[in-house]
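Enquirer: Dropping the structure in here first, questions after.
The values are calculated or read from the model by the stated rules, or taken from the named source; none is laboratory data. Given the structure is predicted, the values throughout are model-derived calculations rather than measurements. For accessibility, only protein heavy atoms count, side chains too; no ligands or nucleic acids. Shrake-Rupley method; radii C 1.70, N 1.55, O 1.52, S 1.80 Å.
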Amino acid sequence: MTVNSLSNSQGDRHLLKSKDKRLKLQNTQEKMYSFLLRIVKSWQPDEVLRVFKRSFIDCLNSEASKSSLGIYIVLLEHSEEEFRHTIKRCCYILINNWESTRRHQYIRELVELFINLKLKINPNTPNKLRLARTWLDNFARSTDYEELELFAYRSEEVKGHWVNRYSSYLLFAQSLNENNSQEQKEAARKLSRVLKDKFKFELAMYIARSQLNFSSSTSIPRHQNPSSLGDNVIRLIKTIVVRKGAFSYENIANIFLKQTQNELFYDFKKSLLRYLIFSVQQEEFTNTLQQQLSEKFNSWKVEYDDKLISKEMLLRICNRTIDFLTTENGREPSKLFMLLLSPGNPLTLVVVLLKLILISNHSRSHLEMRIANLIRYYDQYLESECTWFINF
């Protein structure tokens with residue numbers, strides 16, 4: 001047998017072994033997912049929790065044999081990333097079902113299983129057991145776990161950090177992340193909508209009561225202001241919606257779309273800039289926005305400058321403009337975001353973003369994703385340190 005043929009034979013065996021390991025992993029995962037999906041629909045929630053805890057946590061506390069590791073035996077032949085994917089999907093299978101049946105208490109209990117893990121390690125602990133414990137501990141400290149917490153602590157009263165008031169944005173971002181399982185995306189989408197609707201209802205009821213100006217002795221129940229802006233929230237909303245008729249933001253957006261539907265992309269970029277700064281009364285804001293966006297537009301997609309504007313290009317330029325105005329890399333605020341908010345009037349930037357949504361409704365999802373990115377960036381700060389961002 002030649003050296004080359006021997007090498008090829010060894011390579012084939014390695015490839016076959018790797019393929020067998022992958023198939024074994026997928027088979028084990030699917031069995032676990034199917035089992036959890038079956039019992040979560042038919043067993044009592046506390047029984048399901050016991051099974052989950054026994055499968056992923058209790059087995060690591062014991063001094064028992066290698067076989068006690070259960071699903072870990074297969075997972076440990078692969079990567080920590082594969083473990084994260086598996087335990088996340090198991091969690092979201094339970095969360096998705098309990099969310100549908102409003103069993104929020106058990107979602108919280110599931111999430112809290114990972115708090116203050118007490119996994120004893122002694123010098124005689126087998127290496128595989130040590131590794132499994134490390135992976136579980138890392139998961140409990142990860143961003144993946146923080147995303148789980150959004151489902152457990154659905155109300156800002158439960159956990160006091162200011163970010164919890166804006167969980168709907170963070171959940172919506174989860175629902176769009178292609179790296180998340182279908183169960184996670186579905187659960188995040190549903191809870192995000194619930195929280196948004198709840199906020200809008202409470203705000204509407206608060207404003208309605210404030211407008212009626214009832215005395216404290218009235219029998220009509222008092223509704224709390226869900227925003228952090230106090231009574232100023234009423235003034236701010238009035239500022240936006242008070243414009244009626246020909247000068248309403250919606251009407252101006254419709255006029256803009258009609259006037260620009262046959263423009264070349266080069267001309268459309270200039271028209272878009274004029275539309276965004278139209279009626280903005282803050283001179284410093286207008287000058288900054290015009291200068292910065294002009295530079296961005298002049299160099300963006302110049303290869304399309306001689307083509308007619310299309311619905312696809314309208315969506316792309318509105319999404320890209322949202323990036324310029326919020327965060328361009330999804331991790332930190334853009335330079336323009338900082339410049340525009342530094343004077344201290346977030347409402348003006350909000351109105352500019354509103355104008356973009358009014359001409360490109362499908363850009364709303366992109367805007368919410370970018371707001372979620374900014375919230376994740378600023379959640380490292382105390383509320384008192386980023387009040388201007390919270391107001392935005």
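Enquirer: Roughly how tilted is helix 311-325, in degrees to the nearest 10 and between 0 and 90, from the longest Cα axis of the chain?
Expert: 90 degrees
Enquirer: Another question, then. Distance check, please: which entries in Lys53/Lys88; Lys196/Lys335; Lys269/Lys301; Lys270/Lys355 exceed 20 angstrom between their Cα atoms?
Expert: As for pairs spanning more than 20 Å Cα to Cα, those are Lys196/Lys335.
Enquirer: Counting only helical runs of four or more DSSP H residues, what would the 222 nm mean residue ellipticity of the chain come to if each run contributes -39,500 (n - 2.57) and the total is spread over all its residues?
Expert: For the chain, the value works out to -21000 deg cm²/dmol.
Enquirer: For Gln44 and Val280 in the same chain, what is the full-extension length gain: residue separation times 0.36 nm, less their Cα-Cα distance, in nm?
Expert: Here the segment from Gln44 to Val280 would lengthen by 79.2 nm.
Enquirer: Rounded to the nearest 10 degrees, what's the angle between the helix 265-277 long axis and the longest principal axis of the chain, both from Cα atoms, 0 to 90?
Expert: So the helix axis and the longest Cα principal axis differ by about 70 degrees.
Enquirer: On C-alpha positions alone, give me the angle between the axis of helix 167-176 and the longest principal axis of the chain, in degrees, nearest 10.
Expert: The helix 167-176 is inclined about 70 degrees to the chain.
Enquirer: In whole percent, how big is the carbon plus sulfur part of the accessible area of the chain, probe 1.4 Å, protein atoms only?
Expert: Roughly 51 percent of what the probe reaches on the chain is carbon or sulfur.
Enquirer: I need the phi-derived Karplus couplings for the stretch 85-90: 6.51 cos²θ - 1.76 cosθ + 1.60, θ = phi - 60°, integer Hz, Gly and Pro marked x.
Expert: 4, 5, 5, 4, 5, 4
Enquirer: Once you've got the GNM for the chain with C-alpha springs shorter than 10 Å, pick whichever of Val51, Val241, Val111 has the biggest mean-square fluctuation.
Expert: Ranking Val51, Val241, Val111 by mean-square fluctuation puts Val241 first.
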